[in-house]
Amino acid sequence: MEQAIETVMRPNQRGLALKEAYARRELLYFLILRDIKIRYKQTVLGVAWAVLVPMMQVVIFSVVFGRYAAIKPDGNYPYPLFVLAGLVPWTFFAQSVTQGGQSLVNQQQMLTKVYFPRLFVPTGAVGGCFVDFLISLVVFAVALAWYRFTPSWQVIFVPILALFTIAATLGVVYLLSALTVTYRDFRHIVPVLVQALMYLSPVVYPVQLFPARYQWLLGLNPLSGFIDGFRSAVLGKPWNFPTLLTSVASTFAFLLVGAMYFRATERRFADIA
Amino acid sequence: MRILLDTIDFYCCPQHIIERMHFTQTMSKPIIQIEKVGKAYLLGQADLQHAMFRDVILGAVKAPYRRLKRLRQPNRNDDLFWALRNVSLDVQQGDVVGIIGRNGSGKSTLLKILSRITEPTEGQAILRGRVASLLEVGTGFHPELTGRENVYLNGAILGMSKAEINLKFDEIVAFAEIERFLDTQVKRYSSGMYVRLAFAVAAHLEPEILIIDEVLAVGDAEFQRKCLGKMGEVTKRDGRTILFVSHNMSAVRALCSVTLLLDKGRMVAVGPSNDVIEKYLTNDATKDSLERHLSRPEHAPLWITSACILADGKPSSTLPLGAELTLEINFAADTPTAHPRIGFVISSSDGSRVLGANNRYQPSKPLETPSESGSILCHLGPVPLMPGSYAVSLWLGDQAGDWHVVADALTFMVVQRDIWGLGRIPHPDGTSLWWPTEFNLSPM
């Protein structure tokens, strides 16, 4: 008796094959590493871009929305901190969706030549963006120090919120990357979608801008709940549970639908890529 | 962790489970079991490739109508193209199986199904063991990364664990002979270095089943031999099972015990390599494909209409060792011509140019009366080529220059034959030519 892996190839196979993905998790690590290494190669400033981009965005938004549109933050803290708390999770999401959505199409050469768990391709792209997310968290910490703002004990919820943000992002990226392989139209749709979604998420404005009884609807966009939750955890504004709970539910929905759709269409990738 | 994954798998796919870890007795069952595997492509799938969202929306609107139409004419099978059909094969552990056939015979489709890149349309294939497939050398290599980084990335893509790569890293680098450039970006490599590094990673895979598609057709001859040697060595030592697709009959003959012949997606023959290769070559000979018809290049006043290879005076693509080789080239011209200039170069399967001739540079008799068409017979006599596959490139022109150039216009195979009836074949010590030499011994 010896242990042997048995692989069966037959038409219309389904299932998430998570065990296989777990067995080959080292490949995911290498794919993420590759993404990170390539991103800042041949740039003069290198990783500094991960710091500079959010800083520039904060300046732009503070001037445009904080000063001219005179949007008031939902608590007793400066607008730049308010907008940065929204931008940190949002930038991670937007970057992941833009890059992850294209990831399969960009790597179709590899898809037609070798088998490995296909989910690794979009997951790897999101993993690469996660590093930028961590850097932007450091930027945020520095900004808090600059404004001499001390977060409350609730800051311990940040990792949990980050996990949910990642889960929601993965769900959306799985769905969009699989759709982009079949319908190249999504190459054009995704950037517009990301832009529209930014204004549908409470990045530059507080959730309180909406009537209280409709605020939970905002949570259907999973990012809304987590951006708002992020502000509660770090800046100490009161938690908005209807929005947050809707977002948790929609995260699970996106993750499940995204992963299942991905798996269902995965077997066609090599034929149509 | 495993229990959690099992549960998710169970709830997401109650009816089909893709992969299971089994405790099985591998010896009793064939390591590869292919059962009536077929792969169909929908004709006009080219349109589907760039399927528009719009079409899908329109399609959804039209769906009820189409469903009605389909009821009237069920099973429109003519839309399907079977790239592969009804292929069954059992492979035992340690077998090295060659897969041969002409272009479009379904070889690559079969490998893609076995490599899990694409799904079969019908039938099933079971692989019992760790699989690695090499349909290309250097899959996943990224030009921006260094040699070192690419070894790890490529190794992981091919299925090696990090620990395994660590263990073999020095060996891989030594095999590729690129020690000095290990921390240089791969985009600065010469193509030879690139291929060597890519192949070195692949050569150090240790799966139980290895699937290879023609990747040996890259790199210089010396390096190819090194790789073939490494493959042969590992197969003998570990009893590794290999599936090997190739056009290089001498490589198939040398490596494979069993060979499968495919034609138009069907199995034509399977059995001992020598028999199947013989069948492939003779079967090929009956086809009119022996004569290569060529079309006129734009603006050429003089061109080759067809060409073929004669072995000992008969059309054939197989040349027994030491046979007389003749190239027959038919030409046409706009204006009657008396002296077409013809040149050819024969190159071996690794692309190195072995021999050639050109009537421009040697005495040759022109036609007595100029003609608008004609044929040229190039008698090479008994050729001292060693067994292997060769390609012939042709040039046709006149005093003004070359008008029709056809790279690899013809291909032929030199197969072994006992020329002297001694039970031996010429031994040229690794060169590509053996020379019929008269050895005269005399005492002093």
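Which one of B:LEU127, B:LEU110, B:LEU84 is within 10 Å of chain A (Cβ to nearest Cβ) and either closer than 19 Å to B:VAL268 by Cα or in a strand (DSSP E or B) (or both)?
B:LEU127
Go through segment A:110-153 and give me each residue that's among the aromatic types (Phe, Trp, Tyr) and either in a loop (DSSP other than H, G, I, E, B) or within 14 Å of chain B (Cβ to nearest Cβ) (or both).
Passing the criteria: A:TYR115, A:PHE116, A:PHE120, A:TYR147, A:PHE149.
Can you find even one residue in segment B:116-125 that is surrounded by fewer than 18 Cβ atoms within 10 Å (Cβ to Cβ) and over 16 Å from B:LEU260 (Cα atoms)?
Yes - at least one qualifying residue is present in segment B:116-125.
Could you tell me whether any residue of segment B:434-444 is touching a Phe, Trp or Tyr at 6+ places or on another chain (Cβ under 7 Å), surrounded by 12 or more Cβ atoms within 10 Å (Cβ to Cβ), in contact (Cβ under 8 Å) with a residue 40 or more places away in the chain and under 22 Å from B:SER317 (Cα atoms)?
Scanning segment B:434-444 turns up no residue that is touching a Phe, Trp or Tyr at 6+ places or on another chain (Cβ under 7 Å), surrounded by 12 or more Cβ atoms within 10 Å (Cβ to Cβ), in contact (Cβ under 8 Å) with a residue 40 or more places away in the chain and under 22 Å from B:SER317 (Cα atoms).
Would you confirm whether any residue within segment A:89-102 is outside any helix (DSSP H, G or I), surrounded by fewer than 22 Cβ atoms within 10 Å (Cβ to Cβ) and either on the phi > 0 side of the Ramachandran plot or in contact with a Lys or Arg (Cβ under 9 Å, 6 or more places away or on another chain) (or both)?
No: segment A:89-102 contains no residue that is outside any helix (DSSP H, G or I), surrounded by fewer than 22 Cβ atoms within 10 Å (Cβ to Cβ) and either on the phi > 0 side of the Ramachandran plot or in contact with a Lys or Arg (Cβ under 9 Å, 6 or more places away or on another chain) (or both).
With the requirement that a residue be more than 7 Å from chain A (Cβ to nearest Cβ) and over 14 Å from B:LEU210 (Cβ atoms), what does segment B:130-148 give you?
Scanning segment B:130-148 gives B:GLY138, B:PHE141, B:PRO143, B:THR146, B:GLY147, B:ARG148.
Mind listing whichever residues of segment A:74-87 are surrounded by fewer than 21 Cβ atoms within 10 Å (Cβ to Cβ) and either touching a Pro at 6+ places or on another chain (Cβ under 9 Å) or among the hydrophobic types (A, V, I, L, M, F, W, C) (or both)?
Of everything in segment A:74-87, those that are surrounded by fewer than 21 Cβ atoms within 10 Å (Cβ to Cβ) and either touching a Pro at 6+ places or on another chain (Cβ under 9 Å) or among the hydrophobic types (A, V, I, L, M, F, W, C) (or both) turn out to be A:ASP74, A:GLY75, A:TYR79.
Give me a count of the residues in segment A:188-213 that are within 21 Å of A:PHE252 (Cα to Cα) and of a type outside the set (A, V, I, L, M).
Here the count works out to 2.
What are the pairs, 6+ residues apart or on separate chains, where a residue within segment B:326-344 that is in contact (Cβ under 8 Å) with a residue 24 or more places away in the chain has its Cβ under 9 Å from a residue that is among the basic types (Lys, Arg)?
B:ALA332/B:ARG296; B:HIS339/B:LYS365; B:ARG341/B:ARG360; B:ILE342/B:ARG360; B:GLY343/B:ARG360
Given B:LEU127, B:LEU145, which one is more than 25 Å from the chain's Cα centre (by Cα) and of a type outside the set (Ser, Thr, Tyr)?
B:LEU145
For B:ILE376, are the conditions met, namely being farther than 30 Å from B:ARG424 by Cα, touching a helix residue (DSSP H, G or I) at 6+ places or on another chain (Cβ under 6 Å) and in a strand (DSSP E or B)?
No: the conditions fail for B:ILE376.
Looking at segment A:12-55, which of its residues are facing another protein chain (nearest Cβ under 7 Å), surrounded by fewer than 16 Cβ atoms within 10 Å (Cβ to Cβ) and either at pLDDT below 80 or part of a strand (DSSP E or B) (or both)?
Within segment A:12-55, A:LYS41 is the sole residue that qualifies.
Looking only at residues that are more than 14 Å from every other protein chain (Cβ to nearest Cβ) and farther than 19 Å from A:PHE230 by Cα in segment A:154-174, which one is surrounded by the fewest Cβ atoms within 10 Å (Cβ to Cβ)?
Per the stated criteria, the residue is A:GLY171.
Where in segment A:164-273 are the helices (runs of 4 or more DSSP H), entirely inside, with at least 1 residues that are closer than 30 Å to A:PRO78 by Cβ and touching a residue at least 24 places away in the same chain (Cβ under 8 Å)?
A:186-200, A:215-218, A:222-235, A:241-266
Collect the residues in segment B:150-161 that are more than 7 Å from chain A (Cβ to nearest Cβ) and either in a strand (DSSP E or B) or not hydrophobic (A, V, I, L, M, F, W, C) (or both), keeping them in residue-number order.
Residues satisfying the conditions are B:ASN150, B:ASN154, B:GLY155, B:GLY159.
The values are calculated or read from the model by the stated rules, or taken from the named source; none is laboratory data. Nothing here was measured: the structure is a model prediction, and the numbers come from that model. With ideal geometry, Cβ positions are generated from the backbone for all residues, glycine too; neighbour counts draw on all protein chains shown.
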